[in-house]
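The values are calculated or read from the model by the stated rules, or taken from the named source; none is laboratory data. Just so it is clear, the model here is predicted, and its values are computed rather than measured. Neighbour counts run over all protein chains shown; Cβ positions are idealised from the backbone, glycine included. Only protein heavy atoms, including side chains, enter the accessible area calculation; ligands, DNA and RNA are left aside. Shrake-Rupley method; radii C 1.70, N 1.55, O 1.52, S 1.80 Å.
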Amino acid sequence: MVYNQPELLAEHMLPEVPSLLEIVKTSKTPEEDAVHSNILAVICQLSTTSENARKRMIPEIPRLVPYLKNGAVIHRQSVLDMLEGIAEGEEDARDGIVQAMKHSLFASATPLTPEETESVIASFENNILYMREHGRRLFIQAGAVDVMFGGINSPRKETRLAAQSCIAQIFPTVDEIEAELPEKAEDAPTLTSRIMSAFMKGLRDEDDAIVTAAAEFFSSTDSEDASAVFTQDPEAMVALVMLLARKEPGTIGASYEWALVRLAEGDGLKAVAEGFRIVWVDKRVPEETKVKIVGGLVDSFVNVRKAAMIGGLGERLLEWLEDEKHRTSTLTILDKLMDTEQIVGHYLLKLDIVPPLLSAFEGPSSEDRCAAAKVMARLLDAFSDDEEAVSQRNVAVAVLTDPNVLPRILAQMYATDLKTAGAAAKLVGEIVFEEDGTEAWSYDPAEGKPPPPSPLKDSIITPELVNHLMGLLKQKDSASGALYLLAQACWGNTRGFNIVCKEFEAHISTADGMFFASLSGEYVGRHLVRQERRVADAAVKAGALDRAQELLGLEYDNIEMRRAVVEGFRVLLCSDDVDRNLGRNNKSLPRALAALIADETQMSLNDVYWVLAMLEDIESTEWLKSWSEFVSPASVEHILKAFHSIPVELEEPSADGLAEDKYEKIIAEHQQKAQKAREDLEKITSSTIGILRLSLPLWVPYASQLIGPLLVRCHEISRDGDTLTVVSKLAVETNNVDSIAVSIKELLSRNPALSVSRCDDWIRASPVIATAMCKAGIVEGLLHTLQATEEDESYGERGMALYALAGLVRTLDDEDLVKGAKDAFFTDQKALAGAITLLDTEYEAARAANDLATLSKDFPQGITTLEEASILPTLFKLFDSTDGTSDESAPLLGLLCHQDPVKLTNLLRSYISALTSPPADAVLSDKGGKKKKKKAYTPRISERSVWERFTLLSASTLAARKAVVNAGAIQDASRLIKSTDKKKVEIPLEALRQLVEADEEYAEAVSKILPRCAELLSTNEPSTAILRLVRAFLPQHVAYVISAGLHQPLLKIFGESASAFDDMSELIDTIHTLAGLDDSRQPLVQAMQEILALEEVVDFENNWGYSHAFRRLVIAGDVGATFAVDTGAIDYAMRLLKSDNIHMNVKGGALAATLSRCKTIQARSVLLENGITALIENGRAKAIALANKPFFEAEDVDNEEAKTEHRTECQRYSEYSVKLATFNTIIENGKEEYEEDYYL
């Protein structure tokens, strides 16, 4: 009534307002409170019904204002809206409102409680947020600002937060609000300074929420006043810096960090640095707090860390390093800090940090020694903090290799504590890391220059050191560091590699599996893997493989040792110098891997998987025939046990008898365990399925035992593609679809069963799985899902069921099962009705139409059923829509359009008319009857979309194609083909191809555009669409192709730019077909002879050339070979070989070699009679001379680019000489095949 009959409502309610307000005050239950809130809202809205009502509400204001301190949020909102309206419309009432507010809210005899204070402040803030200007002024005049600032000093957290929130809202309009404040003393602080003081006080608050709010204010405002607080008052900056001590470890982006980031921009960096400096030197700040601040910098922003370093963090870190109490924590912080910020090392190098680090490295604590080594290694990654960001590696290397430093580092490799020795070895490896020697990018052995020197490696790597590293390699705690240094010793350094080889010899005879396994460390990156492989290369060269194979044949009670032996053997097999067949043919390896499978653990299965992955031969699985000991009934049992070693679901803990906080903690722990269990489940499944996939032939005899559990696992995890692939292959190999069907049937009966979406995934996995699904009763299940009642709105589930059923029909390779599925669908009236209702839904309609087309295609009973369902109008609507539904609805429309072909023809004709003749009403007129102006016309359906519809219909049925033709599509194609725009020309060609391929007497009509196609091929860049249209005319309508002269440009493209088409093989096949047809052979021969008669024909040999065209035709078959000889290919080869151009000689030699190998045409004898081998030999002599030509350009003696170009040319001529020699060998000895047929 407030909106429909406001005057009537006001007339009856205004007299009752006092009594109604009494009722509102007496709420006792939530239900009553809701009703009373509505009453109060109506009372407050009465003032908006008329001017009279507004005036009559003024006396009630004193009774309504108290709701601003003790009313619910909705109550306060109603009162504030009313006060805004009255203050705006009744200027004389404003003073009275202010007095009422003072009396009740701001100057009451009874002080406000903390809760009331919060409500009043929130009401003030509400006015600012909703831009009630009059209400805001009322609050300011009544004294709200003082109450708001007073809230900052409240002992109650909620009150302080409310005050902060309101003050933050005031700040954007601070000048405007200050002008509205009552007069104040001249020395009174400004509103801006009071705001800044309030938030500065918040930064020092003990409560994190208050601190966060204050920091968020400073980080979000770009006010110069806010910045000035910190730049002019260092103590303010100190307060912000101190907050870093509160940061949770491992987090970034606290509000106070963002504030520091903003303040550190530009010149503000100095002020932030000064804040850090004060903190570092202030003895009143406990050292523990300072350490926490540094910990807060570990995961922080670049500029904040930079400010800390400028402010003296480096000096502080040095002091802590020398203080035993803080040394360990300092080293930990340094390690983390330098891991994320490379400029820290730059500052530390300037401060000469290495001596205190060395002291820690030689100290009593193993933990400190290892940490110090890591920190020194991180110095090598330092960069300068300027714009150039120059690497400081050379500076760090110079410091660490100082005569007073390096010996002390090397000495620690001999420490009795193995962790220290390993850390020292890793540090030395980092020092020599960039001495790449022969592996350097700049080094090219072909230049004849020596590799870059490796002075550090040459001085550090000695036989004694390497021998010691071999010992460290045998110990778990030091192996990683030892391997790293050995890898650097071998990398790009022949001397180091040879030393390592030599020293390996003394250790290999007594080495165990752990030793060889230690030659591969944890994966860090591909580069380190390549470096470590050089150590394996050295071991192999020293004879390690014999020892590793010997170890494989031994028996072990300890599974860890068995794993180490297998892993060590795998590491050695990875060497570049080892043939993988050594592993495939090893008699002990299958037995060793079987023992690991018996362990049933993730680690052991993973080792088996990686060995098999390395040995995999994608060409053949013959090698697996000798691996009978790898798989046995016991292996199958172990695989299945491994599958079930991890529970799929963990039982959720009970909440009985637990407090809420304890239960939440237990639930969080449970969720972590469940997540880890899921991850472990997927890992063990991945390893196991990988093992089965890589050695599948060995598991085929046990398929019936494996298939069921594998399918169960597919049901349990989300990523099941590999598992389904293995199941499919096992079923194919054993012809055992029935066992899959049994397992699937059991899964379908489970609760919960397979989802429809998962069923669809399985159906589409392979024909084998689809067949098993069919036999398991999936059709009945999908039909049941499709059955919909009138109240059923589960369109998505039904749509997926129909999609899965169509997928089943598409995937099955058994025609009887396909027919059975279709028959079941079309005879199930409820399922059919459920499917048809999908055509009227917004999101499922298009896909449903496509699925119905799949199910009814080649199934007359289905088409008849759909005809009776009267769905044609719906299909026309979907096809005509611009919402992207035409593509999927077109196939079904094509199947049913014979019901109303005229309607379809007219619809298609309207599309063409809209493209060629814009309607007369394509004009807009301005409002007010002004002169009409034309608007650029855009057809509702674009040209490309129209022709896409034509293409889809042309690919469907006779009736659909007839409608396309009768609508004038071929005539419109003639219009488009005349365009000079290649994209426009190609628009109709696919639809025309479909018409010609259907062979329904449309070839003659379409052939009218072929002369234009020939013209386009002759003058424009080649078009694959035109080529495919031409192919549609072959072989039956070849006369149209020859008549249009298309064979001529096709031949030219074949010889001059064969790769211009998307697929060169289509062009080759087209020419080969034309060469073999009676109506086209002679015109094609004549055209080729005319091309070869041209003097400039040889110029095209610089690209593909006609020699390549001939060779591809010879390879294509006897027809092409005969065509090549008849057109003069032999003479053309001789012509090229007689050329002065060495490149032409190579092309001619290649053509001669290809011709000589074709037994059908007997070209070899002709070539030999004509002295072909002598011509080829002459070419080879030229190539050798050019390959040995010296670099004569005296003026370019220092021109490296010219030298490189000369070397490249010499290399090419050298390759030419090899090719020409090969050609002669082929011609003389009759070699059968040669890859140059395809690529030269």
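In table form, for the structure just shown:
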| read-out | value |
| --- | --- |
| Amide hydrogen neighbours beyond the local backbone of Phe383, cut-off 5 Å, H modeled | Ile343, Gly345, His346, Gln392 |
| Simple label model, 7 Å out from Cα along Cβ direction - Glu522 to Tyr414, nm | 3.0 nm |
| Whole-number Å³ per residue for the convex hull built on Cα positions in the range 262-387 | 95 Å³ |
| Gyration tensor (alpha-carbon) shape descriptor, the range 600-727, a/c threshold 1.5 | prolate |
| Members of Lys201/Lys336; Lys350/Lys426; Lys350/Lys374; Lys426/Lys676 lying beyond 30 Å, as alpha-carbon distances in this model show | Lys201/Lys336; Lys426/Lys676 |
| Pairwise centroid distance, computed over Cα atoms, of the range 550-602 with the range 1120-1160, Å | 55 Å |
| Solvent-accessible area per residue, Å², over the chain with all protein chains present [probe radius 1.4 Å] | 48 Å² |
| Surface accessible to a 1.4 Å probe, Met242 within the full protein complex, Å² | 60 Å² |
| Dipole of the chain, positive direction: furthest Cα of Ile140, Ser329, His468, with charges on the beta-carbon | His468 |
| Value of relative contact order over the chain, rounded to a whole percent, pairs C-alpha under 8 Å and six or more apart | 3 percent |
| Part-to-part distance (alpha-carbon centres) for the range 465-536 and the range 934-960, which is given in Å | 69 Å |
| DSSP-assigned coil residues among trypsin sites (Lys or Arg not before Pro) in the range 576-643, each with at most 16 further Cβ atoms within 10 Å | Arg580, Lys587 |
| MRE, 222 nm, helices only [DSSP H, n ≥ 4, -39500 (n - 2.57), over the chain, to nearest 500] | -20500 deg cm²/dmol |
| For the chain, the fraction of alpha-carbon pairs in successive 10 Å shells from zero, as % | 1, 6, 8, 9, 12, 15, 17, 14, 9, 4, 2, 1, 0 |
| For the range 151-230 versus the range 965-1008, the gap between their alpha-carbon centres in whole angstrom | 75 Å |
| Distance histogram in 10 Å bins (all Cα pairs of the range 758-871, percent per bin) | 15, 51, 30, 4 |
| q = 0.11, 0.21, 0.23 Å⁻¹, the range 41-158: log10 I(q)/I(0) [Debye, one scatterer per Cα] | -0.32, -1.17, -1.40 |
| Cα-only radius of gyration and Dmax that characterise the range 870-915, units Å | 10.2, 31 |
| Per-residue SASA entry for Lys69, accessible area with 1.4 Å probe, Å² rounded to 10 | 40 Å² |
| Solvent-accessible surface ranking, highest first, for Tyr609, Tyr937 at 1.4 angstrom | Tyr937, Tyr609 |
| DSSP-loop chymotrypsin sites (Phe, Trp or Tyr not before Pro) across the range 56-160, with at most 15 other Cβ within 10 angstrom | Tyr130 |
| In Å², nearest 10: area of Ile152 left accessible to a 1.4 Å probe | 20 Å² |
| Label-point separation in nm, Gln99 to Thr841, each point 7 Å along Cα→Cβ | 6.9 nm |
| With every protein chain in place, the chain: carbon and sulfur % of accessible area (1.4 Å) | 50 percent |
| Convex hull volume per residue in cubic angstrom - Cα atoms of the range 817-892 | 78 Å³ |
| Label-reachable residues, the range 166-190, where backbone N falls under 11 Å from a point 7 Å from Asp146's Cα toward its Cβ | 182 |
| Charged-residue dipole, Cβ positions (Lys, Arg, Asp, Glu), the range 454-527 about Cα centre, Debye nearest 20 | 160 debye |
| Kirkwood-based shape ratio for the range 968-1096, expressed as Rg/Rh from alpha carbons | 0.95 |
